[in-house]
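*Asks:* Provided herewith is a single structure, encoded as structure tokens, for subsequent inquiry.
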Amino acid sequence: MRENASISRLSAELLDEHADLLKFFDRYERSAIGHAVADFVAGNPHEMPLPKFVDALRKWLEPRSKDHFAYKMSDPDAVRTVVASLGDRVRMPFEPEDIAMTNGAFSGLTITLRAICDPRDDVIYLSPPWFFYRGIIRSLGATPVRVAVDPSTWDIDLAAVERAITPRTRAILVNSPNNPTGRLYPRATLDRLAGLLEERSRGNGRRIYLVSDEAYSRILFDGHRYESPALSYPHTLVVYTYGKQLLTPGERIGYVALPPTMPAGDRAALRGALLMAQLVTGWAWPNAVLQYALGDLENVSIDIPRLQRKRDRVVNALKDAGYRLHVPEGTFYLLPHVPWKDHDAFYDHLNARGVFVLPGSTVELPGTFRISLTANDAMIDKALPVFAAAVREPAPA
Ligand code: PMP
């Protein structure tokens, strides 16, 4: 680790931990900007925003009282919208007091883990993960514990989870459908995970929580219905962001929700803990305008059938070209295997032709690469022949 007296040891450790990712983004920004690029790197928009989103922001920007822009924690109308939405989708009567509005899942995850973890607690995450889980866990003084998913199905490896649980285990992070694998964990897997967590919580004499990162729960293909892990395990904290369904990750709103099946005493304690965590995390509530607008945004979504058609087009083209990949049940992402032994040479080859993807090494899975289907059709038109040609091309020695 690079010691540096001018910053904290934790900052130095976090920089170290994210060095590869930061280096990648630095290089990507420098080489992609100003070039005609097929950009598959991040779940970012590559088309104009949804008009309904813009209309709602315009409408709610106009002050209606002197308090319009006053300090705002969870707005009661936004909370009502979330309660109704969860009632429809999770089919459980969530209580308004059990909803904390947050500025996206980033802060939702941070305040959730801050509310439940002590320093030196273990938090299990499934690998390949979203790239900031480890950093968020470490920033709280807790220890990230990596458990790989089953490499052939991308499903949760329950035996490996069981082996990873210790008396220090406080939580397991579950993200379904999963970034980056696209896997929607089957209800049967979640039920078995719930049984395991219940048994081991009892054995430990301390609750192991399930933190459910549901960022992509409304980005589902093939008629799949979302079944929240909260249906399987009452001690689940549901974390959501509207940044995916609206494809507006720079305008930030989401929530943390405690299901009504969680014992009332635990919920009461967690409400206070989440509130404190929101304050000390740096006012982790969404801006007022987005909260007012939520009622108009709740049912607005990017065109999922169109995203599915893009998925089918890219998956089929990659498979025809000879790539190995799982067909995602949801999310924005594909995770094909790199067809060359020299992964960096493969990325250089794509980059030289204006095609940018996310190297699997940034998600703990070198040998794969992630493609975001938020790329526009012109980018896909441009990239598919490049992907196909790369397989036919003899990899450099
Ligand atoms: N969790 C996962 C799995 C994600 O992919 C993302 C966004 N890429 C987040 C959380 C954070 O979402 P937001 O930026 O909307 O807070």
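*Asks:* Taking the Cα of Ala273, stepping 7 Å toward and past its beta carbon, and measuring to each backbone N in the range 78-96: which are under 20 Å?
*Replies:* Residues passing the 20 Å test: 95-96.
*Asks:* Pull out the extension gain between Glu47 and Glu17, defined as 0.36 nm times the separation in residues minus the alpha carbon to alpha carbon distance; nm, one decimal.
*Replies:* Computed gain between Glu47 and Glu17 is 7.5 nm.
*Asks:* Please give the Cα centre distance for the range 351-368 versus the range 8-51, rounded to the nearest Å.
*Replies:* Taking the Cα centre of the range 8-51 as reference, the centre of the range 351-368 is 12 Å away.
*Asks:* Which one, Tyr133, Gly205, Pro385, is farthest towards the positive end of the dipole of the chain when Lys and Arg carry +1 and Asp and Glu -1 on their Cβ?
*Replies:* Gly205
*Asks:* Determine one quarter of the surface area of the Cα convex hull of the chain, which equals its mean projected area, and express it in nm² to one decimal.
*Replies:* Seen from a random direction, the Cα hull of the chain projects 20.9 nm² on average.
*Asks:* Tally Lys and Arg at +1 and Asp and Glu at -1 over the other residues with C-beta under 12 Å from the C-beta of Met92: what net charge comes out?
*Replies:* -2
*Asks:* Output ³J(HN,Hα) for the range 12-26: one whole-Hz value per residue in order, computed from phi by the Karplus curve 6.51 cos²θ - 1.76 cosθ + 1.60 with θ = phi - 60°, and x for Gly and Pro.
*Replies:* 5, 5, 5, 4, 4, 4, 9, 4, 5, 5, 5, 5, 4, 5, 4
*Asks:* Report the calculated FRET efficiency for Ala84 and Asp377 (r = Cβ-Cβ distance, R0 = 30 Å), to the nearest 0.05.
*Replies:* Efficiency, from the Cβ-Cβ distance: 0.30.
*Asks:* Right, here's the next one. Pop out the ³J(HN,Hα) list for the range 147-159 in order, Karplus 6.51 cos²θ - 1.76 cosθ + 1.60 with θ = phi - 60°, rounded to Hz; leave Gly and Pro as x.
*Replies:* 10, 6, 7, 4, x, 8, 10, 6, 7, 5, 8, 5, 5
*Asks:* Follow-up. Can you tell me the length gained on complete extension of the stretch Asp150 to Asp77, counting 0.36 nm per residue apart and subtracting the Cα distance?
*Replies:* 22.1 nm
*Asks:* Right, next: Taking the Cα-to-Cβ direction at His337 and at Leu10 and moving 7 Å from each Cα, how far apart do the two end points lie in nm?
*Replies:* Computed distance between label sites His337 and Leu10 equals 4.1 nm.
*Asks:* Considering amide H positions built from the backbone, and no H for Pro or chain starts, which residues 5 or more places from Thr143, or on another chain, come under 5 Å of its amide H?
*Replies:* Arg120, Asp121, Asp122, Val123
*Asks:* If you don't mind, another one. Along the Cα→Cβ direction, 7 angstrom out, place labels at Glu29 and Asp118. What is the inter-label distance in nm?
*Replies:* Roughly 4.0 nm, to one decimal.
*Asks:* Another question, if that's okay. So how many Lys-Lys pairs in the chain land under 23 Å Cα to Cα, not counting same-chain pairs under 8 apart?
*Replies:* So the count works out to 10.
*Asks:* OK, next. Along the range 76-81, what does the Karplus equation 6.51 cos²θ - 1.76 cosθ + 1.60 (θ = phi - 60°) give for ³J(HN,Hα), rounded to whole Hz, x for Gly and Pro?
*Replies:* Along the range 76-81, the couplings run x, 6, 4, 5, 4, 4 Hz.
*Asks:* Right, another one. Would you mind calculating the gained length between Asp348 and Glu364 on full extension (0.36 nm times residue separation, minus the Cα-Cα distance), in nm to one decimal?
*Replies:* Fully extending the segment from Asp348 to Glu364 adds 3.8 nm.
*Asks:* Once each part is reduced to its C-alpha centroid, what is the distance from the range 251-330 to the range 138-196 in angstrom?
*Replies:* A separation of 18 Å, based on Cα centres.
*Asks:* Counting pairs of alpha carbon atoms under 8 Å apart in space and at least six apart in sequence, what relative contact order in percent does the range 286-397 give?
*Replies:* 28
*Asks:* Shifting gears a bit: Hey, can you grab everything whose amide H is under 5 Å from the amide H of Ala38? Only 5+ residues off in sequence or another chain; H modelled, so Pro and N-termini drop out.
*Replies:* Long-range HN contacts for Ala38: Val355, Phe356.
*Asks:* Could you list log10 I(q)/I(0) for the range 136-240 at q = 0.10, 0.17, 0.23 Å⁻¹, which the Debye formula gives when each Cα is one point scatterer?
*Replies:* One equal scatterer on each Cα of the range 136-240 leads to -0.27, -0.80, -1.44.
*Asks:* Still on this structure, I have one more. Pop a pseudo-label 7 angstrom from the Cα along the beta-carbon direction at both Asp303 and Thr261 and give the gap in nm to one decimal.
*Replies:* 3.7
*Asks:* Further question: Of Thr248, Thr236, His224, which is farthest towards the positive pole of the range 204-267's charge dipole, taken about the Cα centre with +1 and -1 on the beta-carbons of Lys, Arg and Asp, Glu respectively?
*Replies:* Toward the positive end, the furthest listed residue is Thr236.
Bear in mind that the values in this text are calculations on the coordinates, not laboratory data. Keep in mind that this is a model prediction, so the values were computed, not measured. Reconstructed Cβ throughout: ideal geometry from the backbone, glycine too, with neighbour counts over all protein chains shown.
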